[in-house]
Amino acid sequence: MKEQKKSKKEWPKIDRYDPAEIEPRWQERWANDGLYNADIDPSRPKHYALTMLPYPSGDLHIGHWYAMTPSDARARYMHMRGYNVMFPMGFDAFGLPAENAAIQRNIHPKEWTYANIARMRKQLKSMGAMIDWRREAISADPSYYRWTQWFFLKLFTNGLAYRKRSAVDWCPHCNTTLAREQVVGEGRVCERCGTPVIKKDLEQWFFRITKYADELLDFSHLDWPEHIKLLQKNWIGRSEGARVKFNTEDGDAIEVFTTRPDTLWGATFMVLAPEHPLVQKLTIPEKTEAVRSYVEQAVRQTDIQRETVDKEKTGIFTGGYAINPVNGERIPVWIADYVLMTYGTGGIMAVPAHDQRDFEFARKYDIEIRPVILPEGIDSLDGATMPEAVIANGIMINSGPLSGTPGDQSFDRTIAYLEERGSGERAVNYRLRDWLISRQRYWGAPIPIIYCPKCGIVPIPEDQLPVLLPDDVKWRPTGESPLKLHPTWRNTTCPRCGGKAERETDTMDTFVCSSWYHLRYLDPLDDQRPFDQKEYDYWMPVDTYTGGAEHATMHLIYSRFFHKAARDLGIAKGPEPMMQLRNQGQILGPDGQRMSKSRGNVIDPDEQLRKYGADSVRAYLMFGYRWREGGPWSTKNIHGVIRWLHRVWAIVLETANADSTDSDPEQVRKLLRKLHETIRQETHDLEHFEFNTVISGLMELTNEIYAARDAGLCGDPAFNEAIEGLLLLMAPITPHIAEELWSRLGKPYSIHVQPWPVFNPEMAKKEEITLIVQVNGKVRDRILVPADIDDEEAKRQALASVTVQRFMAGKEPRKIIVVPKRLVNIVI
């Protein structure tokens, strides 16, 4: 082996790395050249990369960058892999904050929203992302919400949109409904005036998402995180059981759903939700005031508050009774806030011997506890002395004709018994409820419905869409929707009979707009249909979708429903809209708290951009955190990223014109091994969204290139290959500096259309050494391990040796001694 050369060459002076000059220049060039325009190209495989569109609430914060720049890096990587990549962007522009701004700042929601969009669009462009801006879609544009209204009409005419009375949060002082966000504090008060919020029934519009409950539980086509699938599964809440009919003493039916019909003989009382329609009729006169007071208190709580497990159970006896259908017994009917009208039937049969919540309630209010299931290993049960409920797995007891039925037969035999008597039937229940889309708000897509005294509910003809929001609106401090108060907009003519009629003044939930935005990106300028069919056939479904996990049970489930409904209506195709989903974590403020203006901990990306440049911020956001986890913002470590970029800048330009030398073959092999190791690792990491290890790998390769320079490899083809490989690997992460240095090397424009480097498996093989493994000082095995193995990995591999395990004979090691890279001695 040749003696290693130490280069003492004076490197040429180079100009300073100046991201403020480089980055906007390349952004302008890419935009002018349409470098990222995504057009149909049947000769290339497509990749539709989508990141959740932002709400234009003001300025982007660093959290937007954290979500979007790694998503952009992944899209760029796929582009270099040879895919025809579409990476669009838009704005989810309707919503409550715009209305709040209108009231607080005396500015029209449209003006506020579009000013924010202009500012955020500029900020998004400063990231250097490969966004195809020709495809921008804004949900508040009439050209967009025309088709939101069109989708509504399609759902309505096919029985998937309907109207019914439903409870809303209502402020009696402001005389208006409130969105969830406007109900604040443990006391549930109006955020505007502080008045306690009540529930009020209003006629509202729903989408029949429950029709798709079972299909939404099928995740077989999806590459989605398991916790997202679990959240959706729990949200849908499918339960198999029986629907059982109890009757009141007046003959009114109370239907309950139970997953344990075999415990019916142990139902010693019933509990209804305070809002149940039979409560008033069941309540005897002397209980009226107590029941009314309890109902008022209960309906002011959220469902979450009412279902809290550790909350003390409270209730009121109505004075009324129901008849247990299996034994004819008269059982008391109570109301309690832990029973919800929004789940099941709004009533439950209470079996205190086998349900801990019912047990605690029965003990508190001195209600009979009757065991009807005898678990294996227990001789007998006495309800009067039971310290707690017992699990309902075992033989049926105290159950009339079914006493003695084994546990594995009890469910089916009880259902058969109920069906024979006409008292119940096998059933499936879902926690999922139909999607309430009505919002008593101005800044949303108007619901395209007219109410005619003669014709009833009339859908607006498609050729009259969009129903435009009026611009000339006045805002009341109460926040009441101006659509209700508008002197002319509300009044219209019936399209069927031509008579006087009124428009629906509710607007749609903004989640309706965002349930199909991925389709509008296909052709946002199409004024004949919501999207171009050719574009759909080429681009759909979305291949990779990125965004926050907090959308699991709203946007992500609504989008799936929307797609399946559209498919059944012949509008869409395939089982799912988004095939792969990946979630990022959250960047917190430097204080570890969620960023908010009130806390004063919001990090402004524009300021970071001015200080460090887009590439530095991009790279730091990917290097400083595990993308799926996030963490508190800190500028401490960003300087390491900045130093790395300066080092790359220097090594590329200083060695660009170096003459070829007689290089040491061993040093060449070492450099090429590191290059191909890095290509292999970066490819794996970008495939799996492991961005932090991508950056660390690039830093290690940079160090190896510097070592090769100092060993005299400058000008060698292997050195040039390593430099070019480094820039190609950097291109998705730090697109500007990679493009600039690629250009300065005289390479063809653009680096972003070059093929992704391919690793050679033979070259990527790590050097191996033989590790001696001893047991109690005697050599028992020799194993091949990577030359750079650390002590912990050496221990792990030594203990994993089959030969060593035989000599250990199942004994635990008392001590493990490691001589680094030479020997492991296991003492037993």
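A few comments on the model shown:
- Label point distance in nm, D537-W235, each placed 7 Å from Cα along Cα→Cβ: 3.3 nm
- Computed Rg/Rh of the stretch 70-175, alpha carbon atoms with Kirkwood Rh: 1.10
- Ordering P482, W147, N601 by the projection of their Cα atoms onto the charge dipole of the chain, which places +1 on the Cβ of Lys and Arg and -1 on the Cβ of Asp and Glu, puts N601 at the extreme positive end.
- Relative packing of peptides 214-221, 561-568 - highest average C-beta neighbours within 10 Å first: 561-568, 214-221
- Taking Cα atoms only, the orientation of helix 407-421 departs from the longest principal axis of the chain by about 40 degrees.
- For the stretch 12-160, the fraction of 1.4 Å probe accessible surface lying on carbon and sulfur atoms is 50 percent.
- A simple charge model with +1 on the Cβ of Lys and Arg, -1 on the Cβ of Asp and Glu and nothing else charged puts the dipole of the chain at about 840 debye relative to its Cα centre.
- Within the chain, helix-based [θ] at 222 nm, where runs of 4 or more DSSP H residues each add -39,500 (n - 2.57), nearest 500: -11000 deg cm²/dmol
- Listed residues R44, R610, R330 arranged by accessible area, highest first, probe 1.4 Å: R610, R330, R44
- Ligands, DNA and RNA left out, the accessible area of the stretch 642-781 computed with a 1.4 Å probe is 49% carbon and sulfur.
- Loop-located GluC sites (Glu not before Pro) in the stretch 751-806 (DSSP state not H, G, I, E or B) with no more than 15 neighbouring Cβ atoms inside 10 Å: E767.
- Amide N of the stretch 407-437 lying under 14 Å from the label point, which is placed 7 angstrom from the Cα of I457 along Cα→Cβ: 435-437
- Nitroxide proxy distance, nm - points 7 Å out along Cα→Cβ at D33 and A118: 3.0 nm
- For the stretch 418-465, the calculated P(r) over all alpha carbon pairs, in 5 Å bins from 0 to the bin holding the longest distance, is 5, 12, 12, 14, 13, 9, 7, 9, 10, 6, 3 percent.
- Distant alpha-carbon pairs in the stretch 321-423 (separation over 21 angstrom), percent: 42 percent
- Computed over the Cα atoms of the stretch 362-476, pair by distinct pair, the Kirkwood hydrodynamic radius stands at 20.8 angstrom.
- Helix 555-568 and the longest principal axis of the C-alpha atoms of the chain enclose an angle of approximately 80°.
- At 0.692 mPa s and 37 °C, Stokes D of the stretch 177-308 from Kirkwood alpha-carbon radius, µm² per second: 173 µm²/s
- Annotation: the antiparallel percentage among DSSP beta bridges lying fully within the chain is about 75.
- Take each peptide in 333-343, 521-531, count the other Cβ atoms within 10 Å of every residue, and average; sorted highest first, the result is 333-343, 521-531.
- With Cα atoms, 0 to 90° folded angle of helix 638-654 axis to the chain main axis: 30 degrees
- Packing, taken as the mean count of other beta carbons within 10 Å per residue, orders the peptides 71-83, 377-389, 285-297 from highest to lowest as 71-83, 285-297, 377-389.
- Taking label points 7 Å from Cα along the Cα-to-Cβ direction, D662 and N393 give a separation of 8.0 nm.
- Extension gain for the segment K573 to H227, taken as residue separation times 0.36 nm less the Cα-Cα distance, is 121.9 nm to one decimal.
- Atom-type composition of the exposed protein surface of the stretch 476-624 places 47 percent of the accessible area on carbon and sulfur (1.4 angstrom probe).
- Cα centroid separation, the stretch 189-216 to the stretch 457-496: 22 Å.
- Per DSSP, loop trypsin sites (Lys or Arg not before Pro) in the stretch 435-473 with at most 12 further Cβ within 10 Å: K454
- Probe 1.4 Å, accessible area per residue of the chain, Å²: 45 Å²
- Order of exposure, largest accessible area first, which applies to K199, K211 with probe 1.4 Å: K211, K199
- Where E312, E376, E275 fall by accessible area, highest first, once all protein chains stay in place (1.4 Å): E376, E312, E275
- Rh by Kirkwood over Cα pairs, then Stokes-Einstein D for the chain at 1.306 mPa s and 10 °C, µm²/s: 50 µm²/s
The values are calculated or read from the model by the stated rules, or taken from the named source; none is laboratory data. Please read these numbers as outputs of a predicted model, since none were measured by experiment. As a convention, Cβ positions derive from the backbone with ideal geometry for all residues, glycine included, and neighbour counts pool all protein chains shown. Accessible surface areas use protein heavy atoms only, side chains included; no ligands, DNA or RNA. Shrake-Rupley method; radii C 1.70, N 1.55, O 1.52, S 1.80 Å.
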